[in-house]
Amino acid sequence: MANRILIVEDEIDLSRTLEYSLNKDGYDTICAATGKEALVHALREPHPDLILLDLMLPDMSGLEVCRQIRSNSANFNPSILILTAKGEEIDRVVGFELGADDYVVKPFSIRELKLRIGAILKRSKGDGSAKPAEENAIPINRTTQSIVIAGEEISLTSLEFRILDALTANPGQFMSRDELLKQVWGEKSGVRSRTVDVHVNRLREKLGTANQLIETRRNVGYRFNQPKTDF
Ligand code: CA
């Protein structure tokens with residue numbers, strides 16, 4: 001099935017250009033020009049696989065849209081790629097903290113954007129370089145990007161999933177924030193280590209009673225501990 005992309009952008013020319021170009025590449029698209037419309041389309045089935053989210057919308061901030069989607073995403077887990085204007089550096093960091101997967105700065109080339117989209121969707125569909133599930137100590141479902149803890153399925157954002165992936169690849173070994181940052185966000189992301197902490201903390205919260213699986217050591221970093229009991 002074709003991937004479904006929700007384009008949230010109030011610059012109609014840009015929105016149309018994106019729609020045309022993405023359709024040509026075989027994506028299904030839906031367009032929204034306001035935050036309100038974006039939320040309606042994001043929360044309605046069939047949910048989008050990925051959301052291109054402009055930050056400056058006429059009725060609300062894209063960050064608020066991002067926050068609301070993430071807080072409603074118990075049953076679906078779209079990837080979110082933020083479109084920012086130059087100089088919105090601070091928003092960009094906040095965007096990651098709110099659960100965005102990536103960002104591009106305007107003006108961007110459509111080609112570059114499509115490469116990013118392709119990469120995000122590939123990661124979120126789980127055909128990345130990570131180890132197969134059976135080598136991991138907790139049941140990880142790559143298709144739905146979720147884990148099962150105490151019989152309960154917990155869905156993760158692409159970022160949380162990649163963090164977990166990175167940590168479970170070397171159980172028992174500490175990874176520094178910088179290593180984790182490089183591996184999960186990439187070499188030139190411009191993301192600060194504080195953002196790593198925010199996402200690891202959110203992941204730990206989601207693990208609930210199993211949060212001891214991820215251990216934090218001050219000035220060292222994070223590690224994944226093999227569970228002593230079955231989850
Ligand atoms: Ca705008």
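Any read-out appearing in this document is the output of simple, stated calculations on the displayed coordinates, not a laboratory observation. Computed from a predicted structure; not experimentally measured. Because the Cβ atoms are built from the backbone with ideal geometry, glycine has one as well, and the counts that use them run over all protein chains shown.
Percent of Cα pairs in the range 1-74 per distance bin of 10 Å, from zero to the largest separation: 21, 55, 23, 1. With helices as the sole contributors, the chain gives -12000 deg cm²/dmol at 222 nm; each DSSP H run of n ≥ 4 counts as -39500 (n - 2.57), and the sum is divided by every residue.
Here each label is just a point 7 Å from Cα along the line to Cβ, and for Arg142 and Val40 those points are 3.9 nm apart. Its Kirkwood hydrodynamic radius, worked out from the mean inverse distance over all distinct Cα pairs, puts the range 145-216 at 12.6 Å. Rg of the Cα atoms in the chain, relative to 2.2 N^0.38 Å, amounts to 1.01.
Shown is the FRET efficiency for Ser21 and Phe76, computed with R0 = 25 Å from the Cβ-Cβ distance and rounded to the nearest 0.05: 0.50. Axis angle, to the nearest 10 degrees, between helix 12-24 and the longest C-alpha principal axis of the chain: 60 degrees.
Compared with the rule-of-thumb size 2.2 N^0.38 Å for a compact globular protein, the range 4-124 has a Cα radius of gyration ratio of 0.94. Exposed loop sites are taken as GluC sites (Glu not before Pro) in a DSSP loop (any state but H, G, I, E or B) with at most 15 other beta carbon atoms within 10 Å; the longest stretch of the chain without one runs 12-186.
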